[in-house]
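Undergrad: Sharing a structure below in structure tokens format, with a few things to ask.
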Amino acid sequence: MSVCYNKYMDELLDKLNTEQIKPVTDTEGAVLVLAGAGSGKTRVLTSRIAYILREGKATLSQILAITFTNKAANEMKERLSGVIGGGDGKWICTIHSMCVKILREFGDRCGIKSNFSIYTEVERNNVIKKTFKELDFSDDSLLKSAKYHIGNAKMLGLDPDQYGRKFRYERGMDDIVVIYEKYNKHLKANNALDFDDLLIETLRLLRHDGEVRDYLSDKFRYVLVDEFQDTNAVQYNIIKLLSSKHNNIFVVGDDDQSIYGWRGAEIDNILKFDEDFPQAKIYKLERNYRSTKSILRLANAIIKNNVGRRGKELWTEAEEGAKPEYYQAEEESVEALYTARTIAEGVRGGRSYSDYAVLMRINALTRAYEQEFTKYGIPYKVFGGFRFYERKEIKDILAYLRLISNPFDSEAAERIINVPRRGIGGKTIEAMYAYAGENGLSLYDAAIDCESLPVSAATKGKLKDFAALIKGFILDALQSNVAELVREIINLADLRSAYDDGTDDGDGKLANLDEFIASVDDYVRLNPEATLDEYLNQITLSSDSDDMDDGNYVALATIHAVKGLEFPVVFIGGLEDGIMPSSRSEADGRDLEEERRLMYVAITRAKERLYLTRSKSRYLYGHRDITKPSRFILELASELGVSGQSTYRGTGGEYGGYGSRFGRTAYGGERTTGRALYSDDSGYESDEPPKPAGTFKAFWGGQKKPDTAQNAKYTVGMKVRHPKFGLGMVIAVKNGGSTVNVAFDGQGIKELSASLAPLEIVK
């Protein structure tokens, strides 16, 4: 080992604290590291790999390091590259990527062709629907039940017969088993695996092929697993088999951040690890390098209410920091407006939009924030909902790539045989499927053999053209990189014509195609030798957090989507019972504990400032309901300074809520800090409370009273332009000029804050 490498390694070890250095240098046997949020677990994992390399215990290709997102894997590779100057890091990857690599190399030993397609959840549901129709079922409730049970069966690693026996008392189980069996046959015919199959087939291979199991366990002399609390039973069994020859298994995780029970994650894997490995050494990382003391006190206060945990308490040497604030609104638009104003105030004070994240339990809550952020020109992106790669136009181009990679993929062929329109109808596709089924062929094969189909001469000509087009792309893929291939597909298939309809929606689809081309260019630049299969693996196995870039925007995200990330300022919205915690968790103690862990994860994303918000009433799922504060707010009452009554603290002292001695309506909620803005009946605004006849207007989290000179510039009849809503006319000026109503062409009337709205006066 070079002197230079030893120098870098020594510097790396010098950066570790006493808690971290012990698991880094304890390399042999089973090791469990309980790593609290922000405790530097990625540094520990990276340092451990570097230490193993420095000590000559293994080469990089003999180390398997499993993470749960591509983003985490790439971060670990980059950190290692800075220490060891490169190397083959292909086995620093997600567990699904690892399974893909194993199956592409050894899958033929269990009947899996190496160029198999990988079906996403959307594609799985499409195949289940097709199977449902083929079996002449029509009950929508059975279809919904089948989707759930097939997913559950695969998550548990059970084949149709096993699952049918285990859940034989479930309604409609006999029919579900039939659907499940036919679904699997469809996948096999298409040479396709779904996400769960990647795990299941890898486990079967390792269990039943001792030669492959021994080879891989010998190859990987050290197995490291990140986010161990998120592993399910199938994943854990794979990990144990891969380390069976040496038991050099190192797992790091946080039982307090186990939030994926709904998709099969077993918290018992981390709670009972030392029962599976009685000689395991256990270390705790409790020092937090992310958050202030005041934020960590809130995190510790919430998680201590859980019973099913090993127990640890985060601490930091960072400053005390600002106290977390709790804000209670009358309804969701006011909650979102409070958030928008607080962000705008912070940006005026020097922060970037990218400093902010608004987190919520369910994606359905983003609507109000999107509306308010749009009004005031606050850039944002939504994560945890409809992702870029799930848009129709992107799935169309990906289907072309899937078919080129795997001509057996009839699902991909059916998707794009009429994109753009080629006049190939549903009856033709039915005839193609019938011919393919009778002869053991794919839909693409049926297009090639179109002379044997009972269709018109004109239709045969269209099918020949389609088959020739795909064949040309297959040949191009042998000599072109992915970026060149994508451009050829878009141009030669004339894909733009499928979306160029002159509408805003069509323009958006065309813009997404251009964004897709740019993303492929970036991929090829970073991976110049990558094959088409490797590109498809990377896209198919990506997660929400992988989509986050360094752009200057506010992240609107579900809590699940930002696990592992951090932000200087975090808002946690929708803190009401039935939303956070979810209504589904109320009857089950384990589910409620997972919801509490989710709250803990949300809190510990914040580095400097934390805001907790809720609405007293909320419009959701088609109706408006009065809400109750989340029980988690009640558990944090003493830390937040929340009293049993609705008490508001402004600059002039504390003022009660409804029925108070000032007779105000309180939009600001239970005790919090900041500046209040009041207005009396004449529209006079002040930081001080008005006479009893006045009304409490709003709490803006420390914002100063509006600049009346700025607001006074708007008058009724004035023409203005908004970057999103376009041209409009001011039809009303309210509250001393602080609020304006503008009628926008084709957009209706919008009520806007004069001090925040990005309005340009049109002369």
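The values are calculated or read from the model by the stated rules, or taken from the named source; none is laboratory data. What you see is a predicted model; the values in this text were computed from it and never measured. Counting neighbours? That spans all protein chains shown, and the Cβs are built from the backbone with ideal geometry, glycine included. Side chains are part of the model used for accessible areas, which takes the heavy atoms of the whole protein and leaves out ligands, DNA and RNA. Shrake-Rupley method; radii C 1.70, N 1.55, O 1.52, S 1.80 Å.
Undergrad: Give the residue, chosen from Val127, Val122, Val177, that is of a type in the set (A, V, I, L, M, F, W, C), exposed (fewer than 14 other Cβ atoms within 10 Å of the Cβ) and part of a helix (DSSP H, G or I). Give the steps one after another, and end with the answer.
TA: Details: Val127 fails: exposed (fewer than 14 other Cβ atoms within 10 Å of the Cβ); Val177 fails: exposed (fewer than 14 other Cβ atoms within 10 Å of the Cβ).
Val122 is the lone residue from the list that is of a type in the set (A, V, I, L, M, F, W, C), exposed (fewer than 14 other Cβ atoms within 10 Å of the Cβ) and part of a helix (DSSP H, G or I).
Undergrad: Sticking with this one: Would it be correct to say that Ala329 is over 11 Å from Phe571 (Cα atoms) and open to solvent by less than 40 Å² (accessible area, probe 1.4 Å)? Spell out the reasoning first.
TA: Values: over 11 Å from Phe571 (Cα atoms): yes; open to solvent by less than 40 Å² (accessible area, probe 1.4 Å): yes.
It is true that Ala329 is over 11 Å from Phe571 (Cα atoms) and open to solvent by less than 40 Å² (accessible area, probe 1.4 Å).
Undergrad: Select from segment 718-737 the residues that are under 16 Å from Glu372 (Cβ atoms) and not aromatic (Phe, Trp, Tyr) and write down the one among them that is least open to solvent (accessible area, probe 1.4 Å).
TA: Going residue by residue through segment 718-737, those that are under 16 Å from Glu372 (Cβ atoms) are 722-725.
The next check asks that each one be not aromatic (Phe, Trp, Tyr); those that pass are 722-724.
On the way: His722: 3, Pro723: 103, Lys724: 135 Å².
Among them, the one singled out is His722.
Undergrad: Suppose the filter is in a loop (DSSP other than H, G, I, E, B), of a type in the set (Phe, Trp, Tyr) and either touching a Cys at 6+ places or on another chain (Cβ under 8 Å) or on the phi < 0 side of the Ramachandran plot (or both); does Tyr236 pass it? Explain how you work it out, then say what you get.
TA: Values: in a loop (DSSP other than H, G, I, E, B): no; of a type in the set (Phe, Trp, Tyr): yes; either touching a Cys at 6+ places or on another chain (Cβ under 8 Å) or on the phi < 0 side of the Ramachandran plot (or both): yes.
Judged against the criteria, Tyr236 is not a match.
Undergrad: Take the conditions touching a residue at least 12 places away in the same chain (Cβ under 8 Å) and either open to solvent by 20 Å² or more (accessible area, probe 1.4 Å) or touching a Lys or Arg at 6+ places or on another chain (Cβ under 7 Å) (or both) and apply them to Lys284. Does it pass?
TA: Details: touching a residue at least 12 places away in the same chain (Cβ under 8 Å): yes; either open to solvent by 20 Å² or more (accessible area, probe 1.4 Å) or touching a Lys or Arg at 6+ places or on another chain (Cβ under 7 Å) (or both): yes.
When the stated conditions are applied, Lys284 passes them.
Undergrad: Now for a separate question. Here is a check on your reading of the model: is Lys323 in a loop (DSSP other than H, G, I, E, B) and in contact with a strand residue (DSSP E or B) (Cβ under 7 Å, 6 or more places away or on another chain)?
TA: Values: in a loop (DSSP other than H, G, I, E, B): yes; in contact with a strand residue (DSSP E or B) (Cβ under 7 Å, 6 or more places away or on another chain): no.
No: the conditions fail for Lys323.
Undergrad: What's the number of the only condition in (1) at pLDDT below 95; (2) open to solvent by 20 Å² or more (accessible area, probe 1.4 Å); (3) over 24 Å from Ala561 (Cβ atoms) that Phe273 fails to meet?
TA: The one condition Phe273 does not meet is (2).
Undergrad: Scan segment 91-113 and report the pairs whose first residue is of a type in the set (S, T, N, Q) and whose second residue is not in a strand (DSSP E or B), with Cβ atoms within less than 7 Å and a gap of 6+ or a chain change.
TA: Matching pairs, first to second residue: Thr94/Phe68; Thr94/Thr69; Thr94/Asn70; Thr94/Ala73; Thr94/Leu541; Ser97/Asn537; Ser97/Leu541.
Undergrad: Take the residues in segment 459-490 that are open to solvent by 70 Å² or more (accessible area, probe 1.4 Å) and in a helix (DSSP H, G or I), then tell me which one is farthest from Asn512 (Cα to Cα). If you could, list the steps in order and put the result at the bottom.
TA: So in segment 459-490, the residues open to solvent by 70 Å² or more (accessible area, probe 1.4 Å) come out as 462, 464-465, 471, 475, 478-479, 484, 487.
Imposing the further condition that a residue be in a helix (DSSP H, G or I) reduces the set to 462, 464-465, 471, 475, 484, 487.
Values: Lys462: 28, Lys464: 30, Asp465: 27, Lys471: 26, Leu475: 27, Glu484: 18, Arg487: 14 Å.
Restricting to residues being open to solvent by 70 Å² or more (accessible area, probe 1.4 Å) and in a helix (DSSP H, G or I), the top hit is Lys464.
Undergrad: Inspect all residues belonging to segment 154-173 and state whether any of them is open to solvent by less than 20 Å² (accessible area, probe 1.4 Å), out of contact with any Cys (no Cβ under 8 Å at 6 or more places or on another chain) and over 27 Å from Lys240 (Cα atoms). Let's see the steps before the verdict.
TA: If we filter segment 154-173 for residues that are open to solvent by less than 20 Å² (accessible area, probe 1.4 Å), which is where we start, we get 154, 160, 163-164, 173.
Going one step further and asking which of them are out of contact with any Cys (no Cβ under 8 Å at 6 or more places or on another chain), we end up with 154, 160, 163-164, 173.
Remaining after also requiring over 27 Å from Lys240 (Cα atoms): 164, 173.
Yes, segment 154-173 contains at least one residue that is open to solvent by less than 20 Å² (accessible area, probe 1.4 Å), out of contact with any Cys (no Cβ under 8 Å at 6 or more places or on another chain) and over 27 Å from Lys240 (Cα atoms).
Undergrad: Next question, about the same structure. What pairs can you find where one residue is in segment 203-229 and under 18 Å from Thr59 (Cα atoms) and without any contact (Cβ under 8 Å) to a residue 12 or more places away in the chain, the other is assigned to a helix (DSSP H, G or I) and open to solvent by less than 60 Å² (accessible area, probe 1.4 Å), and their Cβ atoms are less than 9 Å apart, with a gap of 6+ or different chains?
TA: Tyr215/Phe106
Undergrad: Quick check, is Ala493 more than 29 Å from the chain's Cα centre (by Cα), closer than 30 Å to Ala436 by Cβ and open to solvent by less than 40 Å² (accessible area, probe 1.4 Å)? Explain how you work it out, then say what you get.
TA: Details: more than 29 Å from the chain's Cα centre (by Cα): yes; closer than 30 Å to Ala436 by Cβ: yes; open to solvent by less than 40 Å² (accessible area, probe 1.4 Å): yes.
Yes.
Undergrad: Then there is this: Considering only segment 136-153, state which residues are surrounded by 13 or more Cβ atoms within 10 Å (Cβ to Cβ) and assigned to a loop (DSSP other than H, G, I, E, B).
TA: Residues of segment 136-153 surrounded by 13 or more Cβ atoms within 10 Å (Cβ to Cβ): 137, 142-143, 145-147, 149-153.
The one that is surrounded by 13 or more Cβ atoms within 10 Å (Cβ to Cβ) and assigned to a loop (DSSP other than H, G, I, E, B): Phe137.
Undergrad: Do you know which residues across segment 392-414 are over 17 Å from Gly440 (Cβ atoms) and aromatic (Phe, Trp, Tyr)?
TA: The answer is Tyr400, and nothing else.
Undergrad: Have a look at Ala318, Ala329, Ala336, Ala322 and point out the one that is in contact with a helix residue (DSSP H, G or I) (Cβ under 8 Å, 6 or more places away or on another chain) and over 26 Å from Lys563 (Cβ atoms). Lay out the reasoning, then the answer.
TA: Details: Ala318 fails: over 26 Å from Lys563 (Cβ atoms); Ala336 fails: over 26 Å from Lys563 (Cβ atoms); Ala322 fails: over 26 Å from Lys563 (Cβ atoms).
Checking each option against the conditions leaves just Ala329.
Undergrad: Something else now. What residue, among those in segment 411-429 that are in a helix (DSSP H, G or I) and open to solvent by less than 10 Å² (accessible area, probe 1.4 Å), is farthest from Thr131 (Cα to Cα)? It would help to see each step written out before you state the result.
TA: Taking segment 411-429 first, the residues in a helix (DSSP H, G or I) are 411-416, 426-429.
From what is left, the residues that are open to solvent by less than 10 Å² (accessible area, probe 1.4 Å) are 412-413, 416.
Values: Ala412: 16, Ala413: 17, Ile416: 19 Å.
Only one residue tops the list, namely Ile416.
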